[in-house]
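Enquirer: Have a look at this one before I ask anything.
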Amino acid sequence: MATDLAPNQVVPPAAEVKQAPPRKPRRPLGRELLRYRWLYVMLLPGLAYFALFKYLPMYGLTIAFKDYVPFLGYSGSQWVGLEHFRELFTGPDFGRLMFNTLLLALLTIVFVFPAPIVVALMLNELRMKVLKRSVQSLIYIPHFLSWTIVASLTYLLFSVDFGVIAGWVHSLAGGPKVDYVAQAGWFRPLIVLQLLWKQTGWGTIIYLAALAGVDSQLYEAARVDGAGRWRQFWHITLPAIQPTIVVMAILTSGHLMDSGFEQIWLMTTSLNRDVADVFDTFVYYVGITQGSFSYATAVGLFKGVIGVVLIFGSNRLAKRLGQRGLF
């Protein structure tokens, strides 16, 4: 029988067709719910919390577009559209509020946000476990103090009459006594110092957890290759916590307009009100003391929208820079 093959040519075996594994039949939804019923039962309290205290109150945002009168209710109040937002943007207080809020946000980014990272890196270098745990416990404690106690301690330390630190500075520098608490020029430095003292220790928990997940074999290999402590930090430690830093930066961006009502309110006096007024305190002044509920809601809604835009914008920027982002 004649063929077209060369004498020594080997016929290749026929390609085996790989068949996809058969799909498992999908179980009915009712059976799935019944199978994991206790997990869904455990999920109910969390869903109820968010539904009652997070999503249901959003209906109250409609009064930002109405001339709300409590006696008439939500449905009976007159619809005014964007009138309250026009009043906010064209009012004399908007520029001052925006400047004070953004300046505090900038100071928070520059000084407060990097502080937990630096402290976590320093604690990670400690080899004495007893010393490391002692320092961690001491810097965690301020987080559990209320802002009322923090403000009271600030007055005890920096007040012109009985402030301990103010007295030391006056005895060393001389000249007239300075009331650090009341003067407008010292308001923002005191706010930053309070944030550093209260939040730095608590923020180190996340970064220490990220550092604990770094494989120790990487450091051993780096030491074998002759890398010093600085090289190990730059090429192993810092890249290991970089995703955590990015996520925390995205979450922090959503709170840049939240200056913290309690802290600002407790540190505000009649002498520093021009630099202390932010959107959070302005909402209280207008809404509670003056009874302009619709206008105060419009201010709060504007602040919330800016926070959402900042989160989505920072997340997109992180992805463009090659990071994973938050979502």
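Enquirer: Can you tell me how many residues within the stretch 170-192 are without any contact (Cβ under 8 Å) to a residue 24 or more places away in the chain, closer than 28 Å to Val275 by Cα and aliphatic (A, V, I, L, M)?
Expert: 2
Enquirer: Every residue in the stretch 126-164 that is surrounded by 11 or more Cβ atoms within 10 Å (Cβ to Cβ) and among the charged types (D, E, K, R), please.
Expert: Listed by number, the residues that qualify are Lys132, Arg133.
Enquirer: Continuing with the same structure: Looking at the stretch 133-147 only, could you name the residues that are of a type outside the set (Phe, Trp, Tyr) and out of contact with any helix residue (DSSP H, G or I) (no Cβ under 6 Å at 6 or more places or on another chain)?
Expert: Within the stretch 133-147, Arg133, Ser134, Val135, Gln136, Ser137, Leu138, Ile141, Leu145, Ser146 meet the criteria.
Enquirer: Select from the stretch 37-77 the residues that are exposed (fewer than 12 other Cβ atoms within 10 Å of the Cβ), modelled with pLDDT of 90 or more and not in a helix (DSSP H, G or I) and list them in ascending order.
Expert: Residues satisfying the conditions do not exist here.
Enquirer: When you scan the stretch 300-327, how many residues do you find that are touching a Gly at 6+ places or on another chain (Cβ under 8 Å) and not small (Gly, Ala, Ser)?
Expert: 6
Enquirer: Any residue at all in the stretch 49-57 that's closer than 25 Å to Leu310 by Cα, free of Cβ contacts under 8 Å to residues at least 40 places away in the same chain, in contact with a Phe, Trp or Tyr (Cβ under 7 Å, 6 or more places away or on another chain) and hydroxyl-bearing (Ser, Thr, Tyr)?
Expert: Checking the stretch 49-57: not a single residue is closer than 25 Å to Leu310 by Cα, free of Cβ contacts under 8 Å to residues at least 40 places away in the same chain, in contact with a Phe, Trp or Tyr (Cβ under 7 Å, 6 or more places away or on another chain) and hydroxyl-bearing (Ser, Thr, Tyr).
Enquirer: I'd like to know if the stretch 235-252 contains one or more residues that are in a helix (DSSP H, G or I) and under 30 Å from Tyr180 (Cα atoms).
Expert: Yes, that holds for at least one residue.
Enquirer: I would also like to ask the following. Determine the pairs where a residue that is more than 22 Å from Leu107 (Cβ to Cβ) and in contact (Cβ under 8 Å) with a residue 24 or more places away in the chain, located within the stretch 273-296, has a partner that is open to solvent by less than 40 Å² (accessible area, probe 1.4 Å) and of a type in the set (Lys, Arg) with Cβ atoms under 8 Å apart, the partner being 6 or more residues away or on another chain.
Expert: Taking only residues 6 or more apart or on different chains, the pairs are Ser294/Lys66.
Enquirer: Can you pull out every residue in the stretch 182-218 that is farther than 30 Å from Leu156 by Cα, part of a helix (DSSP H, G or I) and under 29 Å from the mean Cα position of the chain (by Cα)?
Expert: If the condition is that a residue be farther than 30 Å from Leu156 by Cα, part of a helix (DSSP H, G or I) and under 29 Å from the mean Cα position of the chain (by Cα), then Ile206, Tyr207, Leu208, Ala209, Ala210, Leu211, Ala212 are the ones that fit.
Enquirer: Could you list all residues from the stretch 145-181 that are assigned to a loop (DSSP other than H, G, I, E, B), at pLDDT below 90, closer than 17 Å to Val192 by Cα and among the hydrophobic types (A, V, I, L, M, F, W, C)?
Expert: Listed by number, the list holds a single entry, Val181.
Enquirer: Across the stretch 195-225, which residue is nearest to Val247 (Cα to Cα) among those that are in contact (Cβ under 8 Å) with a residue 12 or more places away in the chain and among the polar types (S, T, N, Q)?
Expert: Restricting to residues being in contact (Cβ under 8 Å) with a residue 12 or more places away in the chain and among the polar types (S, T, N, Q), the top hit is Thr204.
Enquirer: Scan the stretch 219-232 for residues that are loosely packed, with under 15 Cβ neighbours inside 10 Å, assigned to a helix (DSSP H, G or I) and not β-branched (Val, Ile, Thr) and jot them down.
Expert: If the condition is that a residue be loosely packed, with under 15 Cβ neighbours inside 10 Å, assigned to a helix (DSSP H, G or I) and not β-branched (Val, Ile, Thr), then Glu220, Ala221, Arg223, Arg229, Trp230, Arg231 are the ones that fit.
Enquirer: Are any residues in the stretch 87-125 open to solvent by 80 Å² or more (accessible area, probe 1.4 Å) and of a type in the set (Ser, Thr, Tyr), and if so, which ones?
Expert: Thr90
Enquirer: Considering each of Ser253, Ser259 in turn, give the residue that is closer than 20 Å to Leu106 by Cβ, at pLDDT below 85 and surrounded by 13 or more Cβ atoms within 10 Å (Cβ to Cβ).
Expert: So the residue among Ser253, Ser259 that is closer than 20 Å to Leu106 by Cβ, at pLDDT below 85 and surrounded by 13 or more Cβ atoms within 10 Å (Cβ to Cβ) is Ser259.
Enquirer: In the stretch 271-309, how many residues are open to solvent by less than 60 Å² (accessible area, probe 1.4 Å) and assigned to a helix (DSSP H, G or I)?
Expert: Of the residues in the stretch 271-309, 23 are open to solvent by less than 60 Å² (accessible area, probe 1.4 Å) and assigned to a helix (DSSP H, G or I).
Enquirer: Quick one: Leu266 ticks every box in (1) open to solvent by less than 40 Å² (accessible area, probe 1.4 Å); (2) at pLDDT 90 or above; (3) within 20 Å of Thr108 (Cβ to Cβ) bar one, so which box is it?
Expert: Here Leu266 clears every test but (1).
The values are calculated or read from the model by the stated rules, or taken from the named source; none is laboratory data. What you see is a predicted model, and the numbers here were worked out from it, not measured in a lab. FYI the Cβ positions are ideal-geometry reconstructions off the backbone, even for glycines, and counts take in every protein chain you see. Areas reflect the complete protein model, heavy atoms only, side chains present, ligands, DNA and RNA absent. Shrake-Rupley method; radii C 1.70, N 1.55, O 1.52, S 1.80 Å.
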